1. Just wondering, is there one or more residues in segment 182-197 that are open to solvent by 20 Å² or more (accessible area, probe 1.4 Å), free of Cβ contacts under 8 Å to residues at least 40 places away in the same chain and either more than 15 Å from the ligand (Cβ to nearest atom) or closer than 22 Å to Glu280 by Cβ (or both)?
2. How about segment 81-97: which of its residues are over 23 Å from Arg125 (Cα atoms) and in a helix (DSSP H, G or I)?
3. Taking the condition part of a helix (DSSP H, G or I) and open to solvent by 30 Å² or more (accessible area, probe 1.4 Å), does Arg117 pass?
4. Go through the residues of segment 359-366 one by one and say whether even a single one is in a loop (DSSP other than H, G, I, E, B), at pLDDT below 95 and either of a type outside the set (Val, Ile, Thr) or touching a helix residue (DSSP H, G or I) at 6+ places or on another chain (Cβ under 7 Å) (or both).
5. I'm trying to understand the selection: among the residues of segment 255-295, which are farther than 26 Å from Arg218 by Cβ and either at pLDDT below 95 or touching a helix residue (DSSP H, G or I) at 6+ places or on another chain (Cβ under 8 Å) (or both)?
6. Only residues that are closer than 30 Å to His377 by Cβ and of a type in the set (D, E, K, R): list them for segment 316-338, please.
7. Quick one: which strands (runs of 3 or more DSSP E) sit completely within segment 1-80 and have at least 2 residues that are under 30 Å from Leu145 (Cα atoms), aliphatic (A, V, I, L, M) and touching a residue at least 12 places away in the same chain (Cβ under 8 Å)?
8. When you go through (1) surrounded by 20 or more Cβ atoms within 10 Å (Cβ to Cβ); (2) in contact with a Leu (Cβ under 9 Å, 6 or more places away or on another chain) one by one for Asp354, which number turns out not to apply?
Amino acid sequence: MYDVVLHPGRDKAVRRRHPWVLSGSVAREPGATPAGELARVTSAEGEVLGYGDYSPRSQLRVRLVAFGKDAPAADWLDERLAASAERRATDPLLEGTDALRLANAEGDGLPGLVLDRYAGVVVVRASTAAMAARRAEAVRFAATLPGVTSVVARDDATAARREGFEPSSELLAGAPPPARVEIREHGRVYQVDVARGQKTGFYLDQRDARSLVERLARGRRVLDLFAYTGGFAAAAARGGAPSVTLVDASEAALALARAHVERNRGGACEARFVVGDAFEAARRLRERFDLLVVDPPPLARRSADVQRASRAYKDVFLHALRAAAPGAFVLVFRCSHHVSSDLLRKIAFGASLDAQRPVQVLATLGAPSDHPVALDHPEGEYLSGLLLRA
Ligand code: SAH
């Protein structure tokens, strides 16, 4: 067992069960060991505070998986996966969909590991060397779930480079999944490309917001900025929107979006697809819309990016507000924990001042309960949004 010893006075976060030990807190460490070994974390005085995955090259030197003096039991991963799946199975808020996140990294006590289920297909996503090394265990677990026919890997390639492991996107168990996995979410039908789509193929975290958009859409002309495969636009089409305009930089994503709008529309719906830069497209909008969704990518991946990101958010929110007809609903989102929900509100306020339009906040939005956030780990709350009325 490797030891990671903290500097004097740098043990507070661990004592409060925060799962990350940052490099700056570490006084002594094994150093040259391969990433992914379990390490014992001790205070400067030698008290054992917990155990976690050691990552010599990462700012997050240790991701704790157990707190206190006892080492985690040999089957801790399996137990935690089973508990995570059981919580979903007994959560009434998650009824009505066959696609959901079964394990949400730190939110489920599983730093570095995400399992997403799309109907019969489970996608395993590792973002640490330690979790990549435990992949077989996760696969054994996933393969036993009722109705699962395939388990595939889809590791976070950026994290893999940083951590120094080989990212996998192989078939891990069962039959090869279809090129498009069909999922059903509250009556909406989507196709998910688990091999090539973004993240694990679909933005499961926007499920509740999609349902909201469906409810708001009747009779409204809809703009879906940063549409990806048109999750929002297709929900709006199902809800009775007479027109939807989608903008995304990815042509492949919009090709799938076209199929989604067609498949889900409740009645006649005129659909327009714009491949290109959504910041630019927003600036050039001439028509008016009654329901606008602005869901940009994580514009701040580091805290140093926050100012620049705030300006970019404000810019695109401003142009969305200018294109909003009187009484329009406008949904704005941020998906990086570096931009807090408070900051999102301030940015929206700035945009409303610049647009010279008073704007009401009708609701705050966030990820559904298959994306739990551990209270010990506020950084896990990366997604939030506002339902505004212009
Ligand atoms: N709203 C989508 C998720 C959006 S994720 C959903 O619910 O499924 C962010 C999207 O923004 C991605 O599809 C990405 O291709 C796109 N994107 C990133 N930068 C962009 C840019 N500058 N202009 C247009 N689209 C962009």
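1. Checked against the condition, which is being open to solvent by 20 Å² or more (accessible area, probe 1.4 Å), free of Cβ contacts under 8 Å to residues at least 40 places away in the same chain and either more than 15 Å from the ligand (Cβ to nearest atom) or closer than 22 Å to Glu280 by Cβ (or both), segment 182-197 yields no hits at all.
2. Pro92, Leu93, listed by residue number.
3. On the way: part of a helix (DSSP H, G or I): no; open to solvent by 30 Å² or more (accessible area, probe 1.4 Å): yes.
The answer is no for Arg117.
4. No.
5. First, pick out the residues of segment 255-295 that are farther than 26 Å from Arg218 by Cβ: 255, 275-277, 279-280, 283-284.
Answer for segment 255-295, where residues must be farther than 26 Å from Arg218 by Cβ and either at pLDDT below 95 or touching a helix residue (DSSP H, G or I) at 6+ places or on another chain (Cβ under 8 Å) (or both): Val275, Phe279, Arg283.
6. Quick first cut of segment 316-338, residues closer than 30 Å to His377 by Cβ only: 316-317, 331-338.
Within segment 316-338, just Arg334 meets the criteria.
7. On the way: elements: 2-6, 20-22, 26-28, 38-42, 48-54, 60-67.
The strands (runs of 3 or more DSSP E) meeting that bar are 60-67.
8. (1)
The values are calculated or read from the model by the stated rules, or taken from the named source; none is laboratory data. It should be emphasised that the depicted structure is a prediction, and the values quoted were computed from it without experimental measurement. Cβ coordinates were reconstructed from backbone atoms using ideal geometry, including for glycine residues, and neighbour counts include every protein chain displayed. Ligands, DNA and RNA are excluded from the accessible area calculation, which covers all protein heavy atoms including side chains. Shrake-Rupley method; radii C 1.70, N 1.55, O 1.52, S 1.80 Å.
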